[in-house]
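Here's the structure, in C-alpha cells; my notes come after.
Any read-out appearing in this document is the output of simple, stated calculations on the displayed coordinates, not a laboratory observation. No experiment lies behind these values; they were computed from the predicted model shown. Here the Cβ is made from the backbone with ideal geometry for all residues, glycine too, and neighbour counts use every protein chain on show.
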Amino acid sequence: MDNNIAKATRLTTRVSIALMLALFLQGCASKGYQTVPRTTSGKIQQVNSGTVVATRSVVIEGEAGYLGRTGGAIVGSAVGQTAGKGTGRTLAAAGGAVVGGIVGGMIEKELSKKVAQELTVDLDDGHTVVVVQEPKDIGFVEGDRVSVTHTPSGEANVSHAHYQTDGIY
C-alpha cells in the first residue's frame, strides 16, 4: 500500500508542476505586447476621440476552463486511488476525480481573475461610453484625452490620444 501512496504522490507532484508551468507560460505569452481580442483581427474598427470623465478599479472574473478541471480531476483521481481496496478504491478514484475537477476549476477561476480599469469617456460627438480593460503601463485619470477604438460587434479599447488637430487634442 505504501508503494501505491508513493506512486500517487509522484503523479500528483508531476501533474501539479505541469499545471503550474502551463499557467506560467500562459501568463508569459504576451509580455511586452498589448493583447487584443482575436475577433478584432482583420476587422474594420472605428475610432472616436473623447475625454475620460471617471475611472475605477474593477476585477474581471476568471474562467474555469479545461486545464483546471482536467488537472484537478487527474490529481483527485490519483489521490482517490490511494484509498481503499477493490471496488472501494474505484469509487474513491471516481469521487476524487469529480471533487478534483470541481476544485481545479475553482482554482483556475481564481488564478485567471484580472485587475482592470473601468473608464467612462465622454466622446466628442456627445455620446458617453464605458469600457473595461486591463490597465496599460500608464493608467488613465479623469481629464485624459483618449481615443476609443471599437468594432461594430462591441469590442473596444481605450488608448491615450497622441495627436493634435487645430491646436486642440
Check: Within a Cβ distance under 9 Å of Ser112, other residues only, what is the Lys/Arg minus Asp/Glu net charge?
Finding: -1
Item checked: segment 50-169, relative contact order in percent, only Cα pairs under 8 angstrom and at least six apart counted -> 32
Margin query: Averaging over every viewing direction, what projected area does the convex hull of the Cα atoms of segment 76-166 cover, in nm²?
Written below: 9.7
Next item on the list: For segment 46-54, take each phi angle, set θ = phi - 60°, evaluate the Karplus expression 6.51 cos²θ - 1.76 cosθ + 1.60, and give the result in whole Hz per residue in order, putting x for glycine and proline.
Entry: 9, 10, 10, 9, x, 10, 5, 10, 7
Check: Can you sort Val15, Val59 so the residue with the fewest Cβ neighbours within 10 Å comes first?
Finding: Val59, Val15
Next item on the list: Sum up the charges of everything whose Cβ sits under 10 Å from the Cβ of Val52, counting Lys and Arg as +1 and Asp and Glu as -1, but leave Val52 out.
Entry: -2
Check: Do any trypsin sites (Lys or Arg not before Pro) in segment 44-135 lie in a loop, going by DSSP, with at most 13 other beta-carbon atoms within 10 Å of their beta carbon, and if so which?
Finding: Lys85, Lys113
